[in-house]
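The values are calculated or read from the model by the stated rules, or taken from the named source; none is laboratory data. Source: prediction; values computed, not measured. Quick reminder, even Gly has a Cβ in these numbers, built from the backbone with ideal geometry, and neighbours come from all protein chains shown. With ligands, DNA and RNA removed, areas are computed over all heavy atoms of the protein, side chains included. Shrake-Rupley method; radii C 1.70, N 1.55, O 1.52, S 1.80 Å.
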Amino acid sequence: MRDKETGRTKGSRGAKGASALICAGVLAGSAVLAGSVPAAARTPAGATGAQADDFRERLESIPGMTVTGVDDVRGHPRYSLTYAQPVDHRDPGAGTFTQRLTLWHKATDKPTVLFTPGYDLYSEVTPLTDILDANQVSLEHRYFEGSRPTGPAGDDWSKLTVQQEAADEHRLTQALRGVEKGKWIGVGASKGGMAATYHERYYPGDLDGVVAVVAPNDADNKDDRAYERFFRTVGTRECRDALNAVQREMLVRREALLPKFEAEAQREGATFEENLGTADRAYERGVLEQVWGFWQSGGIDKCPTVPDADKATDDELYSWSRKNGMGMFEDEVLGTHGGGPHDRQAATQLGWAELKFDHLDGLLRYPGLRHPDSSLPAAMRGGTYDGRTVADVDRWVRTKGERMLFIYAENDPWSAEKFTPGKHDSYRYVAPGAHHGNAIEKLPPAELAEAVAHVKRWADVK
């Protein structure tokens with residue numbers, strides 16, 4: 001993940017950091033969809049100064065809305081905004097926080113894409129926004145980066161829930177519908193796709209359609225058979241066996257490889273004391289995540305590069321693993337940063353995959369290391385998991401959801417547990433050979449055209 005303030009690259013160091021960028025960028029980087037942009041959308045005329053001033057005044061007249069800046073994106077203004085939200089929507093008088101967002105504005109009668117990255121603010125124009133020739137609102141998730149309450153409320157993680165975030169989106173949507181009067185389409189990828197789905201479940205009158213890409217659906221956290229089946233069948237047997245052998249060898253040679261891990265951490269200024277506690281725990285957690293990260297980031301094309309675990313030198317084994325799925329899980333990308341709030345939600349509501357790792361028997365020192373709480377400081381730990389929310393959303397999508405589009409990727413572990421839409425003008429596609437970051441562009445052309453046609457119809461775009 002690239003830190004938006006410093007530009008520092010985090011993706012090679014922590015799996016959650018890398019995942020955050022993938023989640024935000026799935027919809028923003030599809031070359032196939034970008035190639036479908038109509039000429040009028042690529043070369044906008046822009047608004048006059050008087051029109052821009054008038055629209056800014058209308059934004060500033062919304063109670064709780066503040067314009068913090070404006071820049072030009074392809075001839076149209078993009079407003080940087082903050083919006084005062086209740087920390088607790090059930091008790092609006094108990095304090096507020098400012099939620100960051102941006103609004104790329106073309107015209108009030110055009111459709112609006114509500115883009116939910118699911119982590120911190122990511123404002124790039126999505127290809128779907130271009131296809132619909134739409135405005136775009138990009139929203140930062142509560143308790144991430146610049147949208148965390150200040151003071152004691154910022155340490156009250158009980159307000160980081162599916163319901164509270166859905167209420168944030170509902171309240172903001174209602175406020176902005178007064179200025180953006182066309183159809184509204186909710187769009188998100190991975191955790192952002194989950195957020196869009198939850199918004200639709202709790203406030204089905206807000207949006208005219210939802211597009212959720214590679215959105216996990218852990219409807220029963222005790223049942224991980226879908227994940228186990230994925231890792232038994234993805235790719236080829238030769239690739240799976242080679243990956244498992246490398247993962248096992250990373251633990252067999254722990255005493256030789258851990259010093260390399262510690263030296264790399266020292267060079268990069270990475271620490272572990274606040275969250276995982278020690279470099280040894282972080283090393284083991286990184287090894288546990290390695291195969292998952294390999295497939296998430298497009299491992300099918302890298303199978304020929306997997307080293308022979310018996311023949312590879314220590315340097316070869318370590319170097320390959322660090323470049324192919326093994327995160328560092330240091331304090332900088334955990335705790336109160338992108339990985340921390342995600343793990344807090346996973347521990348309390350979203351669920352997680354508790355994989356068996358039978359091939360690692362006898363080599364693991366820290367039981368339960370994949371539990372989300374294991375990466376969190378004590379104050380952030382979730383305590384008791386409650387799966388009623390995600391089970392309810394799963395049932396609702398199957399039986400009552402309308403105008404919902406889900407796109408998954410065949411070779412993506414996050415796509416192992418899917419939402420199943422019902423029959424109310426809702427659809428699901430699985431992109432063959434795709435990973436977490438390229439599901440849309442891997443859809444067969446006929447299915448891609450069909451999916452785009454559904455969304456255009458919902459947005460009333462001819």
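Tabulated results
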{"read-out": "Subset of the stretch 150-168 [in contact with a strand residue (DSSP E or B) (Cβ under 8 Å, 6 or more places away or on another chain) and either surrounded by 22 or more Cβ atoms within 10 Å (Cβ to Cβ) or among the polar types (S, T, N, Q) (or both)]", "value": "THR150, ASP168"}
{"read-out": "Search result, residues across the stretch 392-425 that are polar (S, T, N, Q), in contact with a Gly (Cβ under 9 Å, 6 or more places away or on another chain) and farther than 21 Å from GLU354 by Cα", "value": "THR399"}
{"read-out": "Failed criterion for GLU140 (all others in (1) in contact (Cβ under 8 Å) with a residue 60 or more places away in the chain; (2) within 17 Å of the chain's Cα centre (by Cα) hold)", "value": "(1)"}
{"read-out": "Members of the stretch 76-94 that are among the hydroxyl-bearing types (Ser, Thr, Tyr) and in contact (Cβ under 8 Å) with a residue 60 or more places away in the chain", "value": "TYR83"}
{"read-out": "In the stretch 294-305, residue most open to solvent (accessible area, probe 1.4 Å) [restricted to those that are within 18 Å of GLY327 (Cβ to Cβ) and of a type outside the set (Lys, Arg)]", "value": "SER297"}
{"read-out": "Matching residues in the stretch 218-252 - criterion: being open to solvent by 80 Å² or more (accessible area, probe 1.4 Å), among the basic types (Lys, Arg) and either closer than 16 Å to TRP295 by Cβ or in contact with an Asp or Glu (Cβ under 9 Å, 6 or more places away or on another chain) (or both)", "value": "LYS222, ARG229, ARG232, ARG237"}
{"read-out": "Candidate set from the stretch 95-115 (those that are over 19 Å from ILE131 (Cβ atoms) and either without any contact (Cβ under 8 Å) to a residue 24 or more places away in the chain or polar (S, T, N, Q) (or both)); member that is surrounded by the fewest Cβ atoms within 10 Å (Cβ to Cβ)", "value": "THR108"}
{"read-out": "The stretch 426-462: number of residues that are open to solvent by 20 Å² or more (accessible area, probe 1.4 Å) and farther than 18 Å from VAL234 by Cα", "value": "18"}
{"read-out": "Residue among THR305, THR348, THR313 that alone is of a type in the set (S, T, N, Q), in contact with a helix residue (DSSP H, G or I) (Cβ under 9 Å, 6 or more places away or on another chain) and more than 19 Å from SER190 (Cα to Cα)", "value": "THR305"}
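This table checks each residue for (1) in contact with a Pro (Cβ under 9 Å, 6 or more places away or on another chain); (2) in contact (Cβ under 8 Å) with a residue 24 or more places away in the chain; (3) not polar (S, T, N, Q).
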site: ASP361; (1), (2), (3): no, no, yes
site: ARG370; (1), (2), (3): no, yes, yes
site: THR399; (1), (2), (3): no, no, no
site: GLU417; (1), (2), (3): yes, yes, yes
